[in-house]
Structures are given as structure tokens and as C-alpha cells.
1. I need a count of the residues in the range 1-20 that are farther than 19 Å from residue 487 by Cβ and either modelled with pLDDT of 95 or more or touching a strand residue (DSSP E or B) at 6+ places or on another chain (Cβ under 7 Å) (or both).
2. Residue by residue through the range 127-139, note down the ones that are closer than 23 Å to residue 341 by Cβ and in contact with a helix residue (DSSP H, G or I) (Cβ under 8 Å, 6 or more places away or on another chain).
3. Look through the range 224-241, keep the residues that are under 30 Å from residue 47 (Cβ atoms) and in a loop (DSSP other than H, G, I, E, B), and return whichever of them is nearest to ligand 2 (Cβ to nearest atom).
4. Out of the range 401-427, which residues are over 18 Å from residue 495 (Cβ atoms), touching a residue at least 12 places away in the same chain (Cβ under 8 Å) and within 24 Å of the chain's Cα centre (by Cα)?
5. Inside the range 284-307, can you point out the residues that are surrounded by fewer than 22 Cβ atoms within 10 Å (Cβ to Cβ) and either without any contact (Cβ under 8 Å) to a residue 24 or more places away in the chain or more than 16 Å from ligand 1 (Cβ to nearest atom) (or both)?
6. Somewhere in the range 116-126, is a residue in a loop (DSSP other than H, G, I, E, B) and out of contact with any helix residue (DSSP H, G or I) (no Cβ under 8 Å at 6 or more places or on another chain)?
7. I'd like the residue in the range 62-79 that is over 12 Å from the mean Cα position of the chain (by Cα) and either without any contact (Cβ under 8 Å) to a residue 60 or more places away in the chain or near ligand 1 (Cβ under 7 Å from one of its atoms) (or both) and, out of all such residues, is surrounded by the most Cβ atoms within 10 Å (Cβ to Cβ).
8. Please go through the range 247-258 and give me each residue that is in a strand (DSSP E or B) and surrounded by fewer than 21 Cβ atoms within 10 Å (Cβ to Cβ), ordered by number.
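The values are calculated or read from the model by the stated rules, or taken from the named source; none is laboratory data. These numbers were taken from a predicted model, which means no experiment stands behind them. Reconstructed Cβ throughout: ideal geometry from the backbone, glycine too, with neighbour counts over all protein chains shown.
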Ligand SMILES: Cc1cc2nc3c(=O)[nH]c(=O)nc-3n(C[C@H](O)[C@H](O)[C@H](O)COP(=O)(O)OP(=O)(O)OC[C@H]3O[C@@H](n4cnc5c(N)ncnc54)[C@H](O)[C@@H]3O)c2cc1C
Ligand code: SF4
């Protein structure tokens, strides 16, 4: 007789790792199933060539684009999921992101819950993930019931100068919210050493607030928690009514195993969660589990992003660069009637990481070697909201492989954001700048493969005809099935999705706890 668990959680990333933490501490008997292993701790964690050129920590998955062309997606299968590699910029969505917003290519729909509904969970997530920030500095942010648990991470001198130049130019820069375990008041005892290999790299010293370090590790010793690694869930089985998941089918060490839980939470990431539901079709759910609405897999979003290295005459010796943000163009302005998005920093350029971009860089700046480019660059990330359109979708073929069909929306808004960014550079003493585009962060030659910010494929809502999940992220059509990762987003906003996934996992965890009480 198979052991029964209170809750089976599939995937240990931002959604699953946070949910596991919440439910374990509520005393629930949990089985955490993770297809990956622990990310190995090795010097390669902090080696740019290994991470960005060799793609050591990217999955070996093959997915297919709209034309059936194979590509390697930017996904990471480890305990902690994508957060093992993330930049740990932990932003809240803006209050307006929860309402309807008109964009150049259509409507970003309202969420069934408001910012006020999410606010307490944002605060709790910021406490749990030890976010560093400076509340009130960003004019677009919503109200907060609690201050950030840690002071903002300071700017290094070159960034401080840029911050001041921006402010002098009439902009409203702010200290970006960072999830790193840095104690600037007590550096000798700080877990984080403030290094230059953070955004996009794993943290060798476990000082990033990722879902493994914060969510999973602290609960592993508990008697009510079991985690199985290298355990890929391939199918969910239901009873004959189709209303209850009765079996979680796992492929482990080449064997098929089946587990049972009163509640099953799918937290495999937006693409893999859709894949699992689609591949779990049965007589009662012929189009895929919980897919009577035909919405599973649809409305895939991942941001329109542009990574830009701006070179100036002076060197930029910054190590931890991700300390600055600007939301002055997040919404419309007097010069442009649509929202444009967020500007923030990415990890500091590194010649080794730029190697893959060499032909482009040589064309752009023939007078510079890659070392010079990296030494002088200030590295930015521009991000515009893309829209949930039904044709942008995940499907699976008869062998269960993932097909990702995607066409961009709102590219005009990104172009406008870029124009504003160029004006900004003139204000911050980089008038004689060179600007170049680089995409080593995405490390993809097919844009659709840069799916770091994937969301939206199993959206929540109040209407079962247009959504898969109810407001508690429970499937409308199945009584014990939840999806608790970035899949539930009805729209993506223009800031990074991680904190919203974590806050939502705490919210849903609270609901599951009350339901099981
Ligand atoms: C390089 C990079 C930088 C980023 N930077 C930021 C940032 O600065 N700020 C931010 O907010 N966000 C950032 N993100 C995005 C952020 O990491 C994701 O939004 C977030 O981790 C998504 O959470 P999730 O729970 O949906 O999925 P994940 O965190 O990816 O977790 C999914 C988990 O499910 C597991 N899994 C998948 N399929 C199965 C299966 N069938 N069976 C069992 N387990 C399975 C996976 O191995 C993984 O562990 C970044 C992402 C990347 C890749
Ligand atoms: S900056 Fe801190 S958290 Fe980031 S990789 Fe370095 S030591 Fe780890």
C-alpha cells in the first residue's frame, strides 16, 4: 500500500519551494518531487565561460518553435528551479498591473484579485526571502504594510554617480529590491560576499535568496517532509469521475512509481506545468487535465526585453551592479500614450561571457577588445509587458514533447522605452557613449528560447470558460488539484515575476492550510 501524503508538490522553484516551506511549517505531511538534483557546488558556478558560453546549468531539453524548429530553452532543473540562477531582483507588481491596462497592441487584462489582496503576501514573501530595498523611493510602487526587512543594497561608486546624475536630470531612480543575504553593516559575518558573478550564475556560497536556500533546505530535516530528487512527474491520474487526482506518476531512476496525496500542487514552471496537464489527458479530460476551457498552455508570456551595454570613457569597476532601477516610463507619459516598462541593471559584463557575442561586438566597437568593452560597460535591462494572447501557447505532440508558439506583442512600446533610455544616457554623462545590444543573459539564438520569465499558461480567474484555475489557484474542474507557479498570471506586468510567484505560493499555502484544518 503506497503511503499517502497530505500534499504532493511537483517542482521546488519559486512556487513549489515556497509552498513547501509554508505547508511544512503548518505541519502538513509533504512529498516534494523535483525532476532535477541539487545544483553542484563547484568553481564552475562562478565561471562565466562555464555558465554563459558552455551553458553548464541549462537543461538539455529540446523544445520546438512554431515552425517545428528545435531549440534549447533557458530552463534550469535543480532543487530551487530557476531561482538558482536568477538575478534575485524581487519586485512587486504595481497596483495598476492588477487592473486592466491599454497597450499599443491590445489589453492587458485585470486580475481577479487586486494589489490590496496581494499586499500582505508580498510583505510576507519579502520577509521570508530577506529582500533588501528602500520603500517609498520608487514613485510607482504600491503601499506597503511592512518595510523591507533589510536596508537597500548600496550602490558602488560608479552606480552611485549614475544614480545622482539621473536624479539631477529629473529622473526618479531607486534602489532595486535585491534578494541576497548581504549584511553591509557586518561584512565579516555576511553570508553574501558581494561578488560580480550573481545575476545568471548560481551562488557558490549559498548566499542568494533562492528557493532552495530559503524554501527547501530549512524544512528538509522535518519528519513531515520528504523530498525525492531526480523524480520527474510524467502524468497525473484521476478517479473515474475526473474530479480527483488519485495518482502522481513519477519516472525515477528509470522506474515508474505512483504516489498519492490528498492535494496535488503542480509547480513545474509555466511551460512544464502546462505540459504535465496536457499530457495527463484521459476520458474525462480529453483535451488535457482541467482543460475543458481549452486555456491550458495558452496566453504564454515572457516579457519583451532588451539587454544593453552602454560604454563610457570611464571604467566601470562595479562588482554587484543590480542595485539600480527606474520606473519613470513604466506607464504612459506626456510624450507616449502607452505603458513602456521598467529599466534596471543586469550583472556586470564580463569579457568571457561576451565571447559568444564577439562578431557583433567587433562590428560595433572595432577599436575595443572584449576586455575593454567589459571594463567600460554599464549594463542595463529594459523590459516591456507582452500581452496574453491565446495563439501564444504551449502544446505537446504525441510523444509529449513541448512546442512553443510565440509572436511578440507591444514591440513598439519597447522601442519607445529604448528611445527614452537613449535620452537618459545623455543626461548621465554618457553622451559620447557607444551602445550595443547583447543577449548573453538569454544565451539563445532563437528569441523564444529565452524563457526565463515564462508565465501565464494556466491562468486563474473567476470564469471557468476563460480560466483554468479559480482565485485560490485550484483547478475549476478538479477538486484537489492546484497550480502554484508563474502559470497563474493573467498578465505579466513589466517587472520580474519571482516575488509575485513567491507571494502567491504563501497565499495559496494559507488557503490549503485552512482547507485541511
Ligand atoms: C537567468 C535567470 C534570471 C532571472 N532573474 C530574475 C530576477 O532577477 N528576478 C525575478 O523575479 N525573476 C527572475 N527570473 C525568473 C524567476 O527565476 C522565475 O520567474 C521563477 O523561478 C519561476 O518560478 P516557478 O516556480 O514558476 O518555476 P521554477 O522556479 O523554474 O521551478 C520549477 C521547478 O519544477 C521542476 N520541474 C519541472 N518539471 C517537472 C516535473 N515534470 N516533475 C518534477 N519537477 C519538475 C523544475 O526542475 C524546477 O525546479 C530569472 C530566471 C532566470 C532563468
Ligand atoms: S553577490 Fe552574494 S548572493 Fe550573489 S553570487 Fe555573489 S555571494 Fe552569492
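1. Here the count works out to 4.
2. 131, 133
3. 229
4. Hits for the range 401-427 are 401, 402, 403, 404, 405, 406, 407, 408, 411, 412.
5. 284, 285, 286, 287, 292, 293, 294
6. The answer is no; no qualifying residue exists.
7. 79
8. Matches in the range 247-258: 247, 249, 251, 252, 255, 256, 257, 258.
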